[in-house]
Structure formats: structure tokens, C-alpha cells
Amino acid sequence: MRRAYDAPESADGARVLVDRLWPRGLSKDDAELTEWDKEIAPSDELRRWYGHDPAKKDEFVRRYRAELDEPERAERVRRLRELAEKQPVTLLTATKEIEASHLPVLRRRLQG
């Protein structure tokens, strides 16, 4: 898990941006992405409701897990898991506070 603004590293493997919105001020060339999977990110409604408010974190995690159980997102999780079986995968976000973002929830889901 890293910020999309961090310089790519050789150990990153596949670099997958998992945000709904493109990171402000970041060029597509500088991002050096393998893919951008905005559909696996939390819904706009959930993202706006949460707003990285620490008091809402537990409920955010519960709701995001439920979103990941939806068939289309579950398929995307399966596809990312398959990619991770072949090579390292680095999940990227523009969020400053990675631990307060959706990335830890997604990482746990990918790890099974």
C-alpha cells in the first residue's frame, strides 16, 4: 500500500490505483500504473459519508466490506488476487492517511 504520488519502486510489481478519482496533479506517465480500478474503490456515497472521520471508521469498514461482497466488486477482488499470485501488487491511493483509507480493508480482503 502506497500513495499514488510516491515515486515508483522496482519492488512495487503491479501498481494498481484503487481510487474513484484520479489523483490531482499527477500525470498518467508519472503514475506508472499497471491499471486503474476505480470500481473496486468505495462508492462515491460511502466515500463522501466517511470523509476520513475517525469516529466513523468502524462503520466505514463494515459498509465497505459489504460493498466488496457485491458480485461485480467480488469479481474484481478475485481478479486482483489472481494478479497477486503472479507478482507483487502495490495498491495505490491519493489519500494522505493510508491507514484511515479503504486500502487496509481491501488488502485484508485480497489476503483472504
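Read the figures in this text as sums done on the coordinates, not as results from a lab. What you see is a predicted model; the values in this text were computed from it and never measured. We place every Cβ from the backbone using ideal geometry, glycine too, and count neighbours over all the protein chains shown.
Look at segment 94-106 and say how many of its residues are surrounded by 14 or more Cβ atoms within 10 Å (Cβ to Cβ) and in contact with a strand residue (DSSP E or B) (Cβ under 9 Å, 6 or more places away or on another chain).
Quick first cut of segment 94-106, residues surrounded by 14 or more Cβ atoms within 10 Å (Cβ to Cβ) only: 94-95, 98, 100-106.
From the residues that got through so far, the ones that are in contact with a strand residue (DSSP E or B) (Cβ under 9 Å, 6 or more places away or on another chain) too are 94-95, 98, 101-103, 106.
Total satisfying the criteria: 7.
Filter segment 64-87 for residues that are touching a residue at least 12 places away in the same chain (Cβ under 8 Å) and within 15 Å of the chain's Cα centre (by Cα) and give the result.
Once the filter is applied, which keeps residues that are touching a residue at least 12 places away in the same chain (Cβ under 8 Å) and within 15 Å of the chain's Cα centre (by Cα), segment 64-87 yields TYR64, ARG65, GLU67, LEU68, ARG73, ARG76, VAL77, LEU80, ARG81, LEU83, ALA84.
The rows are residues; the columns are (1) more than 13 Å from the chain's Cα centre (by Cα); (2) touching a residue at least 24 places away in the same chain (Cβ under 8 Å).
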| position | (1), (2) |
| --- | --- |
| TYR5 | yes, yes |
| SER10 | yes, no |
| LEU21 | no, yes |
| GLY25 | yes, no |
| ASP37 | no, yes |
| ARG48 | yes, no |
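Suppose the filter is in contact with a Pro (Cβ under 9 Å, 6 or more places away or on another chain) and among the small types (Gly, Ala, Ser); does ALA94 pass it?
So ALA94 passes the test.
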